[in-house]
Amino acid sequence: MTILADLTAGLSSGQIQMIDLTTPLTDQTPLLELPPEFGQTARFELEEISRYDDRGPAWYWNNFRTGEHTGTHFDAPNHWITGKDKADIGSVPIEAFVAPAVVIDVADQVAKDPNYLIERHHLTAFEDEHGPFPAGGWLLCRTGWSSRVTQAEMINNTETGPASPGMSPECARWIAEESPLQGIGVETVGTDAGAAHSFDPAFPCHSFLLGNGKFGLAQLMNLDRLPPTGTVVLASPLKIVGGSGSPVRVLAMVEG
Ligand code: MN
């Protein structure tokens, strides 16, 4: 078995570089906000159990509380009603956790229009330039949004509601129903645009992708360090039995 030996040799020699795509998880990590009539996801919180003190003289440890969808996280198909009979986060096949990725870069467009949407024709143009999307791969959407580190910057509330980039319904439908991709990864707090409550269907990335048994990765960073093609993403969520998602450490391997 020389392929694994090649992998470890590539990592130790620096020919393969590891890039962390994970947002730091603290009590300040931005998170999704829903209208007040709905249940809300929890901020990440650490509760100290002991720290080399009379509660535990030789050891430091914490309990933590968090939403499944807080910070950098993995959306399982059963997160959405369209996928309610599909996989929970604990039963997503492990093969999905190591996957090729391509990166579409719309950061310049988003800088001019925070409501910018990736359309189907952008994907066609990407494939014309870089070749077909990889089977079982992730489409990572670089929007520049990860430079927004506060809750207010990330949600970007305006008179018409949250303004953040995403994908058109037709684009989401095509990825879900026709593409060989297993899911999308974004820099925003969720896979859908800030205005996606008003789309038809509402929240099309959630509705189409999760309904087709596909996945989402939210709140990624460092996508500017990835090439358009050739990345391998490691994203292995907690095995929460029956859960709808999980915070996840997302790592990218690129050839240096
Ligand atoms: Mn989510």
Restricting attention to the range 6-24, does a residue exist that is of a type outside the set (S, T, N, Q), in a strand (DSSP E or B) and touching a Gly at 6+ places or on another chain (Cβ under 7 Å)? yes
Could you go through the range 106-121 and let me know if any residue there is open to solvent by less than 70 Å² (accessible area, probe 1.4 Å), part of a strand (DSSP E or B), in contact (Cβ under 8 Å) with a residue 60 or more places away in the chain and not small (G, A, S). yes
Those residues of the range 126-167 which are within 21 Å of E33 (Cα to Cα), in a loop (DSSP other than H, G, I, E, B) and not charged (D, E, K, R), in sequence order: T143, G144, V149, T150, N156, T160, A163, S164, P165
Any residue at all in the range 191-208 that is farther than 19 Å from R142 by Cα, under 13 Å from the mean Cα position of the chain (by Cα), within 16 Å of the ligand (Cβ to nearest atom) and not in a loop (DSSP other than H, G, I, E, B)? no
Condition set under 24 Å from R142 (Cα atoms) and assigned to a helix (DSSP H, G or I), scope the range 65-94, selection least open to solvent (accessible area, probe 1.4 Å): answer is P77
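Conditions tested, residue by residue: (1) within 16 Å of the ligand (Cβ to nearest atom); (2) within 17 Å of the chain's Cα centre (by Cα).
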| site | (1), (2) |
| --- | --- |
| H69 | yes, yes |
| N78 | yes, yes |
| F126 | no, no |
| R142 | no, yes |
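The values are calculated or read from the model by the stated rules, or taken from the named source; none is laboratory data. The structure displayed is predicted, hence computed values, not measured ones. Every residue, glycine among them, receives a Cβ derived from its backbone with ideal geometry; neighbour counts consider all protein chains shown. For the accessible areas, the whole protein counts, side chains as well, though only heavy atoms, and no ligand, DNA or RNA atoms are used. Shrake-Rupley method; radii C 1.70, N 1.55, O 1.52, S 1.80 Å.
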